[in-house]
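Below: one structure, written as structure tokens.
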Amino acid sequence: MNESFDLQTYMTQGVEQIVAESVKATLKNPRESAFMAKFALASRSASKKRRIAEDKGEHIPAFLIASITSKCNLHCAGCYSRCNKATVDEKPVKQLTGEQWLRIFDEADELGISFILLAGGEPLLRRSVIEAAGRKRNILFPIFTNGTYIDKRYLELFDSCRNLVPIMSIEGNRETTDKRRGEGIYDTLVSNMEKFKKRGLIFGASVTVTTQNYKEVCSGEFLGGLANRGCKAVIFVEYVPVTDESKELAPTDKQREYLQKKIDYLRSAHPEMVYVSFPGDEKSSGGCVAAGRGFFHINSHGGAEPCPFSPFSDVNVQTTSLRQALRSPLFKALQSGDILLDDHAGGCVLYEKRELVQALISQP
């Protein structure tokens, strides 16, 4: 493992490489190539804003995760969001409006946040929010989706707003994917990928790594298949157990070591794709990068949380700004303490030490 690996630098450079490739691929379409070139300039401008803030003693992370809805149409086995009651079947209440999300996107742009990962629930259920994100051309929006709501209108939106990048969740081959996500999901995802490739659209894949699929999702057959379909990024998310019943799905130390060695090789042998591992990359980047160190999370109701796996908040963006949320007592305590740097068994250190995190909120 590369102990000096810098996750933010790698992702920023990876996105810039993908953008550069897209510029070359769209030279025949002046409108598209002009847009991609502008985004590359915007990314550098955002980096400058963050550097200026850093010089003044204010750290602004490059990434924000925004869970724009608590509703989802699937019931994936062991889903952390459902286990945490962050995703529900009943009609969501008190969720941020489309106008409130647009304000958050505007503030993020002003701060120099370059990437906003849209999640849920199933984010494509909030079409108006996705459309609002598409208008913020200075920010890249990876959209973590189960892929079941991608229709002609969304394809047209992704075509006109190249800053919207679908990241579709897939667990491996057909049998493995359908076992966890539901019958027919794999074929839907493959069909989506073929449509993206035909239109020349950038997309990625998100893979939840478990004890059952860790070798399969690192195989040349699986990753080669994604590459051949036009996939530009693969995000490996180690399964985080949020119930005692699902602990057997969490990769062991030996399995995580296997995964990291594979990713190190892929980055060297296949630099044309971006490979990210959570929380593996965090460990080699100097500890957990949540709570504003590298990213933070806004839930569907506006609560500012360290990360989606640590659903604790002491401030809500409905009544404060993003800048103030980053200065919340909880975030400051986590950044200045040892919890984020602690070694842990795997998965999420903040979930593993959730009682300590909750105790920080209770402090006067």
Inter-centroid distance (Cα atoms) of segment 50-91 relative to segment 129-167, Å: 17
Apportionment of accessible area to carbon and sulfur, segment 286-340, percent (1.4 Å): 50
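Given R₀ = 35 Å, FRET efficiency for residue 174-residue 270 by Cβ-Cβ distance, to 0.05?
Numbers: r = 23 Å, r/R0 = 0.67.
Here the calculated transfer efficiency is 0.90.
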Solvent exposure of segment 179-278 as accessible area per residue, Å², 1.4 Å probe: 47
FRET E, pair residue 153, residue 252, Förster distance 41 Å, beta-carbon r, rounded to 0.05: 0.40
Protein accessible area in segment 168-223, 1.4 Å probe - carbon and sulfur %: 43
When each of 247/353; 152/197; 91/136 is checked by Cα-Cα distance, pairs over 21 Å: 91/136
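Give the calculated FRET efficiency between residue 77 and residue 48 to the nearest 0.05, with a Förster radius of 51 Å applied to their Cβ-Cβ distance.
Values: r = 44 Å, r/R0 = 0.86.
With a Förster radius of 51 Å, E is 0.70.
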Simple label model, 7 Å out from Cα along Cβ direction - residue 359 to residue 199, nm: 5.1
Shape call, segment 30-149: gyration tensor on alpha carbons, a/c limit 1.5: prolate
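The values are calculated or read from the model by the stated rules, or taken from the named source; none is laboratory data. A quick note: this is a predicted structure, and the numbers were derived from the prediction, not measured. Virtual Cβ from ideal backbone geometry, glycine too; neighbours counted across all protein chains shown. Keep in mind that these areas ignore ligands, DNA and RNA; they rest on the heavy atoms of the full protein, side chains included. Shrake-Rupley method; radii C 1.70, N 1.55, O 1.52, S 1.80 Å.
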